[in-house]
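The values are calculated or read from the model by the stated rules, or taken from the named source; none is laboratory data. What you see is a predicted model; the values in this text were computed from it and never measured. In this analysis, Cβ positions are derived from the backbone assuming ideal geometry, glycine residues included, and neighbour counts consider all displayed protein chains.
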Amino acid sequence: MRNLSLIILLFLSFSLYSQDGFQAIYQKKINPNLDYNSLNKKQLGYIKLISKNIGKFGYSLEIDLKSRTSRFLSNYEMSTDGQARIDRQVLNILNSKYPIYTNIKKDSIYELSNHPLLESEILTRFPINSYNWKLVDSTKTINGYKCKLAKGSFSQENVFTENSNKIDFFAWYSPELPSQYGPALFTGLPGLILIAGYDMFIFEIKELKQKKIDFEFPKNESITEDELILKMKSIMNSKN
């Protein structure tokens, strides 16, 4: 029976690789291991707001194996039950930076930035391993796939305070599936990332299916994150 299961798993993996592409559906959720006792009153209120509305968001990772590109985006429907204001708040917190594109050949991730300070959308470029992953000797099975653990971190400058915030992340990835793809900026590992996040939120895969993928990669000229920060600072200084 064990050998039969292995044969089926290998067949499914080969089948995925033999297709032009596939789609991974994710759900964003509160980290089930979140230590609520470590949160202050403001953070608890924030989590309470999010937990009531986070289920309205579905996330899709579309992978084109031929061009070695992917697109990660959110499927969201605004509620009609009188919570439009709250929906917009949650939209800004959880959904404002999508879609996100990956180009394996260029070793880069691209994010369409649409900040109020900017006159038009800016395509920001990040290295594909933005989180400086370190592989960890730990394994578990997720949705039938054997996965391995990786840990990383990311520091980002706040344009308004000029402080740098560091966040520690983790990811469970499957070497049985195509490498370097994952939800949002969670990319750059030797296998598809099935679960990833940090202490408060995680992305968790819900479904994986074969699908012909056809999307247009942005033609905008891209800039680095440092160039984006300088651009936004310049705009802020010109308004003072």
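So for the stretch 177-193 (the condition being in contact (Cβ under 8 Å) with a residue 40 or more places away in the chain, buried (at least 20 other Cβ atoms within 10 Å of the Cβ) and among the hydroxyl-bearing types (Ser, Thr, Tyr)), does at least one residue qualify?
yes
What tally of residues in the stretch 98-121 results from selecting those that are more than 25 Å from PHE57 (Cα to Cα), modelled with pLDDT of 75 or more and surrounded by 12 or more Cβ atoms within 10 Å (Cβ to Cβ)?
The qualifying residues number 4.
Restricting the search to the stretch 21-51, which residues are surrounded by 14 or more Cβ atoms within 10 Å (Cβ to Cβ) and charged (D, E, K, R)?
LYS28, LYS29, listed by residue number.
I'd like to check something: does the stretch 151-169 contain any residue that is within 30 Å of ASP20 (Cα to Cα), out of contact with any helix residue (DSSP H, G or I) (no Cβ under 9 Å at 6 or more places or on another chain) and buried (at least 19 other Cβ atoms within 10 Å of the Cβ)?
No: the stretch 151-169 contains no residue that is within 30 Å of ASP20 (Cα to Cα), out of contact with any helix residue (DSSP H, G or I) (no Cβ under 9 Å at 6 or more places or on another chain) and buried (at least 19 other Cβ atoms within 10 Å of the Cβ).
Do you know which of the residues in the stretch 185-205 that are assigned to a strand (DSSP E or B) and either of a type outside the set (A, V, I, L, M) or touching a helix residue (DSSP H, G or I) at 6+ places or on another chain (Cβ under 8 Å) (or both) is farthest from GLN43 (Cα to Cα)?
Ranking the candidates gives GLU204 first.
Could you look through the stretch 135-164, keep only residues that are of a type in the set (Gly, Ala, Ser) and part of a strand (DSSP E or B), and pick out the one that is modelled with the lowest pLDDT?
Of everything passing the filter in the stretch 135-164, SER164 is modelled with the lowest pLDDT.
What about PHE14, is it assigned to a helix (DSSP H, G or I), modelled with pLDDT under 90 and within 30 Å of ASP214 (Cα to Cα)?
Yes; evaluated as a whole, the condition is true for this residue.
Which numbered condition in (1) crowded, with 16+ Cβ neighbours inside 10 Å; (2) in contact with a strand residue (DSSP E or B) (Cβ under 8 Å, 6 or more places away or on another chain) is the only one that LYS209 fails?
(1)
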